[in-house]
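Novice: My questions all concern the structure below.
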Amino acid sequence: MKLTQAQFKQDFLAEIKTLYATDLSDTSKFGQFLALGHLVRRYDGPNWTHTSDQYREQDRKQVYYFSIEFLPGRLLKSNLLNLGLLDTVRQGLKDLGLDFDEISTAEPDPGLGNGGLGRLAACYMDSMASLGIAGNGNGIRYRYGLFKQVFMDGYQVELPDDWLRNGNVWEIRRENKACLVRFGGNVWMAPQPDGSLKAMYENTDDVWAVPYDTGLVGYRNDVTNTLRLWSAELPPSADKTGFSQARRDRIDEITQVLYPDDSNSAGQALRLRQEYFFSSAGVQSIVRHYGLRHQGVKALAKKVAIHINDTHPTLVIPELMRLLMDEHHCSWEVAWALTTQVMSYTNHTIMQEALETWPIDMFKGLLPRIYQIVVEIDRRYREAQTPIFGEDLVNRTAPLGNGQVRMAFLAVIGSHSVNGVAPLHTQLLKEDVLRDLYQVYPERFNNKTNGIATRRWQQLANEPLSSLIDSKIGPTWRRQPNQLKTLTAYQSDAKFLKQLTAVKTTNKAALGAYIKSELGITVRTDAIFDVQIKRLHAYKRQLLHVFEIIREYLAIKDEPKTVTPPRVHIFGAKAAPSYHYAKSIIKLINALADLVNHDPAIGDRLKVAFIPNYGVSLGELIIPAADVSEQISTASKEASGTSNMKLMANGAVSLATLDGANIDIIEAAGEVNEYSFGLTAKAVYGYYERGDYHAADFYKSNPELKRVLDTLIDGTIPGISTEGQEIYDSLLRYNDEFFVLADYESYVQQQKQISHDFQNQKLWQQKALANIAASGVFSADLAVARYSDDIWQVPHTKLLN
Ligand code: 26Q
């Protein structure tokens with residue numbers, strides 16, 4: 001949109017007056033943020049209305065992305081960037097004596113997700129708006145987001161994330177769009193005079209689902225899509241019937257807090273209630289919206305695509321069946337055909353313990369009508385497939401089995417498309433986790449490699465890099481991420497490579513200032529910034545990184561005269577509160593940091609900074625400053641990874657196992673520009689099949705590794721007597737489930753190579769440039785375009801190759 005600086009300043013000062021009845025000098029940073037937020041909403045208002053009007057008038061097919069998590073990050077700066085107002089606003093504020101960055105960091109960062117899956121959902125919403133796709137997000141408005149992490153004595157302590165304390169300027173509560181979600185009670189099918197059956201309910205626990213809508217602004221295309229998050233409230237009838245306090249509490253708890261686990265399906269009833277709550281409310285609102293425009297439901301699949309982000313929203317399948325049959329009087333056959341055409345499912349994990357199942361007794365009690373429908377899905381699946389695939393395979397793959405509702409199987413059976421998130425992951429789904437279902441529905445399986453919103457992760461997070469890129473290749477890449485590849489022409493442009501170093505140094509200084517203020521650690525900007533940012537998990541192997549730090553520490557102590565480039569090891573990682581082992585690793589990292597950072601013999605040659613409370617906003621600060629991207633999961637365990645792509649796009653080289661999308665990153669940027677190491681997925685599976693992995697052999701045969709491991713238990717690292725022993729035992733007593741010891745040597749080899757190569761800054765920046773230039777391939781725009789073409793069948797803005 002068009003806005004002059006003068007107009008902006010006038011609007012802003014007027015907004016301050018209206019909101020606070022005082023003048024600028026008397027307002028807080030948060031107050032200034034709020035005023036800007038109101039203003040941006042006013043500027044964007046016409047786009048938002050116009051977008052939904054257009055979709056309705058053109059009767060566009062809508063995509064609904066169902067996800068139990070969304071991690072959008074702060075919205076002020078991204079909305080301004082996408083509206084094309086960032087420069088005007090920044091300059092206008094400067095004239096008023098204000099600093100935009102200070103104001104924008106006063107915005108709370110909504111932590112409505114755990115990690116990769118929630119952030120992916122947000123990146124895809126951004127891309128849908130930017131590609132002009134009629135896309136809608138559907139999720140939960142958690143009163144409390146993912147816990148705030150602080151360290152006390154090196155241990156993780158979780159504090160509540162009260163992100164709504166001061167309200168939320170971006171959302172609109174739409175009470176008129178609320179709907180009723182039923183739990184429990186009894187249900188029976190009553191014959192009607194016309195011969196049909198009607199579902200009758202008694203003694204149900206009714207919950208009122210109230211939507212809060214947030215506008216998602218497309219990149220300079222006048223499109224604003226909607227993210228709809230549902231909040232659980234007392235139904236209006238509660239006032240009359242007088243709900244007990246206990247019943248009120250049971251309603252409140254549904255959307256009170258995000259489950260902080262990102263891999264273990266705990267099987268708790270509250271989680272199941274959350275899942276049905278937002279699935280049911282979302283599907284009801286879709287069917288209602290569709291019904292306002294169409295006679296009957298027969299064209300539903302032409303006008304609606306519902307995407308299931310992991311199994312958490314799988315109940316959209318029986319819920320849509322319920323609505324079509326019970327409310328719209330469809331036959332089973334018609335309802336099923338429509339449902340499977342509408343639904344598509346993305347799997348995000350091959351880890352067995354993360355595959356959701358629900359005890360039938362719990363499921364039946366909580367969702368009696370949905371259970372009846374699942375029973376019928378199960379019965380028909382068995383009836384149709386047993387003659388073809390035999391009883392054994394069908395027993396292994398049916399939605400009901402072993403006393404459980406198996407959500408992944410239900411999702412595959414009820415969708416027309418199932419995708420993994422990187423080629424290796426999709427292959428392993430076909431060969432391993434979903435092998436049997438792949439026999440039944442081979443045509444449903446496809447790969448959609450993950451992508452990242454380059455606007456947020458390059459343009460917004462790394463303005464110095466973005467301007468430098470503009471200066472070389474112009475601004476087209478901002479819309480057409482594939483254009484980044486034209487940067488390869490500058491591989492031998494010495495001046496440009498120096499400028500890349502300068503950009504990196506600027507970003508390191510900014511991160512360094514944060515590290516200094518938060519942790520009191522001084523870091524050198526000429527050091528290698530070696531970064532590992534992701535949830536804390538045994539399979540992600542933060543431990544392997546720790547071993548390298550111990551090795552570097554011992555090497556400096558042994559041979560102080562040997563020159564190596566200084567290093568800063570940077571971690572960001574939350575552990576699930578109930579994940580004991582992960583928390584021990586956190587303590588270990590902090591204890592090691594204490595030792596290393598305060599050892600005068602080490603000085604500024606080696607620093608360890610574990611930055612607490614990692615999330616989207618800290619990612620925006622850390623990623624632009626990284627030289628090395630640690631992507632060191634045990635091969636086959638990380639479905640894709642997305643921090644690998646963000647770091648690559650900011651010129652970090654990957655130190656990576658051949659896992660998830662690392663494989664594709666290495667292929668895209670070229671092997672010579674990354675540092676790969678370790679067992680392949682095939683080798684890992686080989687160990688499983690033969691059962692001949694003996695971690696102790698590596699310990700015994702490699703004296704350096706032995707020495708490193710022994711520091712866990714010999715007092716070298718103070719303060720970890722229990723944790724050190726526990727971790728040591730996990731490796732040697734319990735045989736190192738994630739092959740840390742097997743990969744140690746090749747990992748260290750590559751770390752040494754990195755130290756060597758970094759000293760040749762020209763060579764190093766060439767690698768950085770190759771990574772930036774190849775990163776366009778992993779733009780979420782391209783990923784979403786593939787979903788649109790292959791799965792959702794909706795049009796989108798064209799992207800260049
Ligand atoms: C399930 C049941 C009960 C409680 C919690 C959960 C739960 C919650 C979150 C299970 C899994 C998650 C999140 C998983 C996740 O983030 N997976 C990551 O998804 C990314 C996007 O596809 C991939 O890049 C990562 O490789 C994958 O680990």
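The values are calculated or read from the model by the stated rules, or taken from the named source; none is laboratory data. Model, not experiment: these values are computed from the prediction. Ideal geometry is used to build each Cβ from the backbone, glycine not excepted, and the neighbour counts take in all protein chains shown.
Novice: Answer yes if at least one residue in the range 711-730 is over 30 Å from Asp153 (Cβ atoms) and in the same structural domain as Ile632 (by TED's automatic domain parsing), and no otherwise.
Specialist: Scanning the range 711-730, I find no residue that is over 30 Å from Asp153 (Cβ atoms) and in the same structural domain as Ile632 (by TED's automatic domain parsing), so the answer is no.
Novice: Go through (1) in a loop (DSSP other than H, G, I, E, B); (2) closer than 22 Å to Gln766 by Cα one by one and return the number of the condition Phe529 breaks.
Specialist: (1)
Novice: Across the range 235-259, what is the number of residues that are in contact with a Phe, Trp or Tyr (Cβ under 6 Å, 6 or more places away or on another chain) and part of a loop (DSSP other than H, G, I, E, B)?
Specialist: 2
Novice: Let me ask something additional. Among residues belonging to the range 269-290 that are of a type in the set (S, T, N, Q) and within 16 Å of the ligand (Cβ to nearest atom), point out the one that is nearest to Lys177 (Cα to Cα).
Specialist: Ser279
Novice: Oh, and also: Show me the helices (runs of 4 or more DSSP H) found entirely inside the range 349-442 where at least 3 residues are closer than 20 Å to Phe183 by Cα and assigned by TED's automatic domain parsing to the domain that holds Asp310.
Specialist: Qualifying helices (runs of 4 or more DSSP H): 360-366, 368-397.
Novice: Taking the condition surrounded by fewer than 17 Cβ atoms within 10 Å (Cβ to Cβ) and at pLDDT 95 or above, does Arg288 pass?
Specialist: yes
Novice: Please find, among Gly111, Gly116, the residue that is touching a Ser or Thr at 6+ places or on another chain (Cβ under 9 Å), within 16 Å of the ligand (Cβ to nearest atom) and within 27 Å of Leu588 (Cβ to Cβ).
Specialist: Of the residues listed, the single one that is touching a Ser or Thr at 6+ places or on another chain (Cβ under 9 Å), within 16 Å of the ligand (Cβ to nearest atom) and within 27 Å of Leu588 (Cβ to Cβ) is Gly116.
Novice: Using the structure shown, decide if Leu300 is closer than 24 Å to Asn347 by Cβ and either in contact (Cβ under 8 Å) with a residue 12 or more places away in the chain or more than 12 Å from the ligand (Cβ to nearest atom) (or both).
Specialist: Numbers: closer than 24 Å to Asn347 by Cβ: no; either in contact (Cβ under 8 Å) with a residue 12 or more places away in the chain or more than 12 Å from the ligand (Cβ to nearest atom) (or both): yes.
Answer is no for this residue.
Novice: Inside the range 251-268, can you point out the residues that are at pLDDT 95 or above and either away from the ligand (no atom under 11 Å from the Cβ) or in contact with a strand residue (DSSP E or B) (Cβ under 7 Å, 6 or more places away or on another chain) (or both)?
Specialist: Ile251, Asp252, Glu253, Ile254, Thr255, Gln256, Val257, Leu258, Pro260
Novice: It is to be established whether one or more residues within the range 134-144 are more than 16 Å from the ligand (Cβ to nearest atom) and among the β-branched types (Val, Ile, Thr).
Specialist: Just the residues of the range 134-144 that are more than 16 Å from the ligand (Cβ to nearest atom), to begin with: 134-136, 138, 141, 143.
Filter once more, keeping what is among the β-branched types (Val, Ile, Thr): none.
No, the range 134-144 contains no residue that is more than 16 Å from the ligand (Cβ to nearest atom) and among the β-branched types (Val, Ile, Thr).
Quick grid of which residues meet (1) surrounded by fewer than 23 Cβ atoms within 10 Å (Cβ to Cβ); (2) farther than 24 Å from Val568 by Cβ:
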site: Ala461; (1), (2): no, no
site: Lys472; (1), (2): yes, yes
site: Gln480; (1), (2): yes, yes
site: Gln483; (1), (2): yes, yes
site: Gly512; (1), (2): yes, no
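Here is a yes/no grid of residues against (1) over 28 Å from Asn309 (Cβ atoms); (2) within 18 Å of the chain's Cα centre (by Cα); (3) outside the structural domain of His545 (by TED's automatic domain parsing); (4) away from the ligand (no atom under 16 Å from the Cβ):
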| position | (1), (2), (3), (4) |
| --- | --- |
| Thr634 | no, no, no, no |
| Gly651 | yes, no, no, yes |
| Gly660 | no, yes, no, no |
| Ile665 | no, no, no, no |
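Novice: Please find, among Leu180, Leu197, Leu146, Leu159, the residue that is crowded, with 17+ Cβ neighbours inside 10 Å and outside the structural domain of Pro718 (by TED's automatic domain parsing).
Specialist: Sole residue among the options that is crowded, with 17+ Cβ neighbours inside 10 Å and outside the structural domain of Pro718 (by TED's automatic domain parsing): Leu146.
Novice: Being away from the ligand (no atom under 16 Å from the Cβ) and under 18 Å from the mean Cα position of the chain (by Cα): is that true of Asn613 here?
Specialist: yes
Novice: Mind listing just one residue for me: the one in the range 343-356 that is of a type outside the set (Gly, Ala, Ser) and within 12 Å of Ala411 (Cα to Cα) and, of those, surrounded by the most Cβ atoms within 10 Å (Cβ to Cβ)?
Specialist: Of everything passing the filter in the range 343-356, Tyr345 is surrounded by the most Cβ atoms within 10 Å (Cβ to Cβ).
Per-residue answers, yes or no, for (1) surrounded by 21 or more Cβ atoms within 10 Å (Cβ to Cβ); (2) modelled with pLDDT under 95; (3) assigned to a helix (DSSP H, G or I):
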{"position": "Asp594", "(1), (2), (3)": "no, no, yes"}
{"position": "Gly603", "(1), (2), (3)": "no, no, no"}
{"position": "Ala609", "(1), (2), (3)": "yes, no, no"}
{"position": "Asn613", "(1), (2), (3)": "no, no, no"}
{"position": "Leu618", "(1), (2), (3)": "no, no, yes"}
{"position": "Pro624", "(1), (2), (3)": "yes, no, yes"}
{"position": "Met645", "(1), (2), (3)": "yes, no, yes"}
{"position": "Gly651", "(1), (2), (3)": "yes, no, no"}
